Amino acid sequence: MSVDAESHLAAVERSVSLRERDGRPAGMLSLGRSFPVPLEDLWDALTNAERIQRWLLPISGELEPGGRFELKGNASGEITACEPPSHLAVTWEFASDVSWVEVRCSAHGAGAAHLKLLHTALLSPHWDEYGPGAAGVGWELGLLGLALHLEQPDKPQLDEHAFAASLEGKALIKGSAEAWGAAAIAAGEEPDAARAAAGRTAAFYTGESS
């Protein structure tokens with residue numbers, strides 16, 4: 001499957017802000033992207049277990065407010081809010097760390113919808129090492145999968161590992177990591193440290209040396 005890395009990079013709105021969560025320093029990533037589908041179709045793709053596995057990962061659990069979910073081989077958490085078709089919030093529990101993800105959807109003109117994803121994590125050695133791109137690049141790959149699914153719902157899911165090894169995949173990952181480095185600098189991070197963290201993030205996702 002051919003992917004235009006440049007157009008997908010340009011489609012994503014990114015920002016980083018430094019704040020507090022539960023009285024501790026935290027960083028919040030914000031990603032936005034519009035899709036040429038009705039709001040109800042976007043919401044269904046985000047919350048229907050059968051569709052989630054076609055663009056992200058197989059998901060199991062009690063998919064309702066207060067219930068717990070698990071993405072196969074990845075994160076689990078609790079669904080803390082669900083207000084169709086506009087608002088979803090969950091805890092994001094991965095590798096003994098807990099962070100918080102919120103998704104807001106809205107109509108965006110005739111037959112189009114906009115998604116805004118907020119991911120808040122406590123500042124940690126992992127953040128110092130990889131910066132916001134560690135989560136940001138992962139979410140952008142997820143949004144790419146979502147865009148391809150919404151465009152051609154009956155097509156096979158993008159093979160993320162094969163894509164990451166392709167020229168298009170490496171271009172998207174490196175471009176995304178650099179963009180998150182720039183967003184970190186705009187949020188007040190030290191420029192050299194932010195660029196170095198972006199390089200390490202790109203190397204992690206592509207398997208290449210930074």
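The values are calculated or read from the model by the stated rules, or taken from the named source; none is laboratory data. For clarity, every value in this text was computed on a predicted model and none was experimentally measured. Cβ sites come from the backbone with ideal geometry, for glycine too, and all protein chains shown count toward neighbours.
With respect to E178, determine if the residue is touching a residue at least 40 places away in the same chain (Cβ under 8 Å), assigned to a helix (DSSP H, G or I) and charged (D, E, K, R). Break it down into steps so the answer makes sense when it comes.
Working: touching a residue at least 40 places away in the same chain (Cβ under 8 Å): no; assigned to a helix (DSSP H, G or I): yes; charged (D, E, K, R): yes.
The answer is no for E178.
Taking the criterion of being small (G, A, S) and touching a strand residue (DSSP E or B) at 6+ places or on another chain (Cβ under 6 Å), would at least one residue in region 113-128 satisfy it?
Keep residues of region 113-128 that are small (G, A, S), which gives 113, 121, 124.
Next, only the ones that are touching a strand residue (DSSP E or B) at 6+ places or on another chain (Cβ under 6 Å) stay: 113, 121.
Yes, that holds for at least one residue.
For residues in region 45-78 being charged (D, E, K, R) and more than 18 Å from the chain's Cα centre (by Cα), which is surrounded by the most Cβ atoms within 10 Å (Cβ to Cβ)? I'd like the intermediate steps shown before the answer.
To start, the set of residues in region 45-78 that are charged (D, E, K, R) comprises 50-51, 54, 62, 64, 68, 70, 72, 78.
Filter again for more than 18 Å from the chain's Cα centre (by Cα), leaving 50, 62, 64, 68.
Details: E50: 9, E62: 11, E64: 10, R68: 15.
Filtering first and then ranking leaves R68.
Residues to consider are A177, A198, A135; find the one that is touching a strand residue (DSSP E or B) at 6+ places or on another chain (Cβ under 9 Å) and among the aliphatic types (A, V, I, L, M).
On the way: A177 fails: touching a strand residue (DSSP E or B) at 6+ places or on another chain (Cβ under 9 Å); A198 fails: touching a strand residue (DSSP E or B) at 6+ places or on another chain (Cβ under 9 Å).
Exactly one of A177, A198, A135 is touching a strand residue (DSSP E or B) at 6+ places or on another chain (Cβ under 9 Å) and among the aliphatic types (A, V, I, L, M), namely A135.
Restricting region 145-183 to residues that are surrounded by 13 or more Cβ atoms within 10 Å (Cβ to Cβ) and among the acidic types (D, E), which is modelled with the lowest pLDDT?
E160
Restricting to helices (runs of 4 or more DSSP H) lying wholly in region 34-149: which have 3 or more residues that are touching a residue at least 24 places away in the same chain (Cβ under 8 Å) and over 22 Å from D22 (Cβ atoms)?
Numbers: elements: 39-47, 49-55, 125-130.
In region 34-149, the matching helices (runs of 4 or more DSSP H) lie at 39-47, 49-55.
Pairs needed: first member in region 158-174, farther than 22 Å from R51 by Cα and of a type in the set (F, W, Y); second member anywhere, modelled with pLDDT under 90 and assigned to a helix (DSSP H, G or I); C-beta distance under 8 Å; at least 6 residues apart or different chains.
none
Looking only at region 87-121, which residues are surrounded by fewer than 14 Cβ atoms within 10 Å (Cβ to Cβ) and within 13 Å of P38 (Cβ to Cβ)?
Selection gives G109, A110, G111.
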